[in-house]
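Below: one structure, written as structure tokens.
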Amino acid sequence: MDALPQSTTYAVVGAGIHGLSTAWHLAMELQRTGKGSGADVVVLDKEGVGAGASGIACGCVRNLYMTEPLHAILRHSVDVWMYDPVGFGFQQVGYVSAGEANQIDDYQRMHKSQNAVGYHSDLYEGQQARDFVKSIWPDFKADGIDVVLHEKVSGYAGTMQACHGLAQKCLDHGVRLYTGVEVLGYDVTGGQVEALITNRGRIQADVVVLCLGAWIAKHWEMLGRDASISCGYADGNRVDKDMWTFWRLKEGEVYVHQPYRDARDLDPPVLHVELMNTPVVDPDTGKELADHTYVYWKNGAERMDRPGVQGGTLPAQIGPKATLDPYGHFNDEYQAEAWFADYFCAALGQLMGRFEGCRGDFRERRNGGIGAFTPDNVPIFDWIMPNVWMNADSNHGFKMTGVGKLVASSLAGGAKASELEPFAIKRFADGWTYGASNSHSPWV
Ligand SMILES: Cc1cc2nc3c(=O)[nH]c(=O)nc-3n(C[C@H](O)[C@H](O)[C@H](O)COP(=O)(O)OP(=O)(O)OC[C@H]3O[C@@H](n4cnc5c(N)ncnc54)[C@H](O)[C@@H]3O)c2cc1C
């Protein structure tokens, strides 16, 4: 490995989706504006490319968010995915989400907002919704479905393939990428970060970009920031909240005996079903496993050693503190419990004939991971100190390759992209903290 530089214009900390996409786009932006090049950017990661959530994410690329400003971010993200779909392992199979009547208004709003920003989706209600899902999956047990949104440009990507594809783009543009370099602290002088203290020496940096996934809470503390924040709401209310809350994801895989295909014999769209009034019942014992249904799944593709599907359900809240290392599949504390396998398989069987009795096909292996969520579960993409930018995606973001594209202009000294304004950290102080949504999911 090359010796670490003693100084750099830009130090990006974290080589996940956000760090890599930001470094690549920043290199292009510096070159485009004549302000520099990729040689001005270094990326540091304590482990390696994709060592955090980005390397183990389910890989779903979708735009099903009730927080409308996210729709524009996702439109840019799909542009990035489609810039080199082979290099990033992106499969543009579409995304279908299905709900009950209580979510029709939300779906109508999302559909309108998505299309307004050029993210094409179709909305189906009532019998049309049921007919639509059956036209794709003929064995879909669609009786409880009242509304369906079909995002045509969404899909899924291979997680490690995407990370390595982005890393290659960085290298192609002259960015220097150092793995095995852990940032242990920050030398803060006059309210600015002067240098990063790493396990391999000190690096003076003009601008620091934090893309730390679940580790952001630790670095927030290292920078001397408070563990709680006062959140103001539009109705005038003010509530003190934990700055970061960890959630544990529950995901897994199920083998299939026939290739997982749709009625057209194509790779099916990613599927998301939230039925807030439909319990999931264990088909063997008759026991209710949950009083509502929330599952998503997609072709297991490169993640699996033989045909199968990969998906998950709602994450579980851990709280403001969590053991971060070892991360993900390596951490005993955060593996999906047996309940998850029972629930996931039962829900799949309730929704499609092909999955009835699939519990024996659940792939028993280590899975899961954790993420750090913001006080309102909506990302923060903003300057948090005069020379420190933070990409904290609130665990929304394997799909959000477009954030790096939008952020590049701000980092290179240009104007802040208007799409990023809704993700400013001042929302908590200024009284426009995002509120609750009509879903059991924290991915709002
Ligand atoms: C199990 C799971 C499934 C998910 N599924 C999806 C999905 O289907 N779709 C989706 O859009 N999102 C999904 N997410 C969320 C998504 O993966 C994350 O939001 C996103 O990957 C975060 O990217 P990041 O670049 O911010 O962080 P990370 O990918 O976590 O990268 C942070 C990097 O920082 C490095 N690092 C940490 N500390 C230091 C240090 N001190 N010095 C140097 N480097 C350091 C780490 O090694 C790591 O590589 C999922 C998350 C999990 C956990």
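For the stretch 238-381, what is the charge dipole size about the Cα centre, in debye to the nearest 20, if Lys and Arg each add +1 at the Cβ and Asp and Glu each add -1 at the Cβ?
On the way: 16 positive and 23 negative charges, 46 e Å.
Result for the stretch 238-381 is approximately 220 debye, rounded to the nearest 20.
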Next item on the list: Using the Karplus curve 6.51 cos²θ - 1.76 cosθ + 1.60 with θ = phi - 60°, work out ³J(HN,Hα) for each residue of the stretch 20-34 in order, rounded to whole Hz, and write x for Gly and Pro.
Entry: 6, 5, 5, 5, 4, 5, 5, 4, 5, 5, 4, 5, 4, 8, x
Checklist line | Furthest towards positive pole of dipole, 93, 135, 72, structure part the stretch 38-142, Cβ charges | finding: 135
Check: Ordered by residue, what ³J(HN,Hα) values in Hz, to whole numbers, does the stretch 90-95 give under the Karplus form 6.51 cos²θ - 1.76 cosθ + 1.60, where θ = phi - 60° and Gly and Pro are x?
Finding: 8, 10, 8, 8, x, 9
Checklist line | For q = 0.13, 0.22, 0.24, 0.31 Å⁻¹, Debye-computed log10 I/I(0) when each Cα of the stretch 211-258 counts as one equal scatterer | finding: -0.52, -0.90, -0.95, -1.12
Next item on the list: Using only Cα atoms, locate the centre of the stretch 137-199 and the centre of the stretch 201-236, then give the distance between them in Å, rounded to an integer.
Entry: 18 Å
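Charges only on Cβ, +1 for Lys and Arg, -1 for Asp and Glu: so what's the dipole of the stretch 72-133 about the Cα centre, in debye to the nearest 20? Let's see the in-between values first.
Numbers: 4 positive and 8 negative charges, 23 e Å.
Once rounded to the nearest 20, the dipole reads 120 debye.
Among rounded, prolate and oblate, which fits the stretch 60-102 when a ≥ b ≥ c are the square roots of the eigenvalues of its C-alpha gyration tensor, a/c under 1.5 means rounded, and a/b larger than b/c means prolate? Please list the in-between numbers first.
Working: a/c = 4.50, a/b = 1.68, b/c = 2.68.
The shape class here is oblate.
Suppose every K and R has +1 on its Cβ and every D and E has -1 on its Cβ; what is the size of the dipole of the chain about the Cα centre, in Debye to the nearest 20?
Details: 38 positive and 54 negative charges, 164 e Å.
Here the size comes out at about 780 debye.
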Item checked: Candidate lysines - alpha carbon under 25 Å from residue 141, same-chain residues fewer than 8 apart omitted -> 152, 250, 287, 298
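Taking the stretch 1-72, how much of its Cα-Cα pair set, in percent, is spaced more than 22 angstrom apart? Could you put the intermediate results ahead of the total?
Numbers: 1014 of 2556 pairs.
Result for the distance tail: 40 percent.
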Next item on the list: Could you tell me, in Å, what Rg and Dmax come out for the Cα atoms of the chain?
Entry: 21.6, 67
Next item on the list: Using +1 at the Cβ of each Lys and Arg and -1 at the Cβ of each Asp and Glu in the chain, identify which of 349, 119, 283 lies farthest towards the dipole's positive end.
Entry: 119
Item checked: Orientation-averaged projected area, Cα convex hull of the stretch 72-138 (nm²) -> 5.4 nm²
Notebook entry, point to check: Taking the inverse of the average 1/r across all pairs of different Cα atoms in the stretch 125-284, what Kirkwood radius in Å do you get?
Noted result: 21.8 Å
Checklist line | Which of 13, 28, 41, positive extreme of dipole for the stretch 1-55 (C-beta unit charges) | finding: 28
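Using helices alone, I'd like the mean residue ellipticity at 222 nm for the chain: each DSSP H run of four-plus residues gives -39500 (n - 2.57), total over residue count, nearest 500. Mind showing how you got there, number by number?
On the way: 11 runs with 113 residues, N = 444.
It comes out at -7500 deg cm²/dmol, rounded to the nearest 500.
Restricting to Cα atoms and excluding each atom paired with itself, what does the Kirkwood estimate give for the stretch 364-426 in Å? Write down the numbers at each step before the final one.
Working: mean 1/r = 0.0776 Å⁻¹.
When all Cα pairs of the stretch 364-426 are included, the Kirkwood radius is 12.9 Å.
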Note to self: Modelling each spin label as a point 7 Å along the Cα-to-Cβ direction, I'd like the residue 365/residue 3 distance in nm, to one decimal.
What the structure shows: 4.3 nm
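Rank-order 272-283, 346-357 by packing density, defined as the average count of other C-beta atoms within 10 Å over each peptide's residues, highest first. List each step's numbers first, then the result.
On the way: 272-283: 18.7, 346-357: 20.2.
Top to bottom by mean Cβ count within 10 Å: 346-357, 272-283.
For the stretch 240-391, what is the Kirkwood estimate of the hydrodynamic radius, computed as the reciprocal of the mean inverse distance between distinct Cα atoms, to one decimal in Å?
Numbers: mean 1/r = 0.0580 Å⁻¹.
With all distinct Cα pairs of the stretch 240-391 included, I get 17.2 Å.
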Next item on the list: Determine which aspartates and glutamates satisfy two conditions relative to residue 35: a Cα distance under 20 Å, and not lying fewer than 8 residues away in the same chain.
Entry: 172, 206
Notebook entry, point to check: Loop-only check: which trypsin sites (Lys or Arg not before Pro) in the stretch 381-444 are DSSP coil with at most 16 other Cβ within 10 angstrom?
Noted result: 416
Next item on the list: Would you grab the residues whose amide H sits under 5 Å from the one on residue 246? Only those 5+ places off in sequence or on another chain, please, with H modelled 1.01 Å from N.
Entry: 318, 319, 321, 373
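Using only Cα atoms, what is the ratio of the radius of gyration of the stretch 280-331 to 2.2 N^0.38 Å?
Values: Rg = 15.4 Å, N = 52, 2.2 N^0.38 = 9.9 Å.
Rg over 2.2 N^0.38 Å, computed on Cα atoms: 1.56.
Coordinate-derived values only; no laboratory data. The shown structure was predicted, so the numbers you read here are calculated from the model rather than taken from an experiment. Here Cβ is always computed from backbone atoms with ideal geometry, including for glycine, and neighbour counts include all displayed protein chains.
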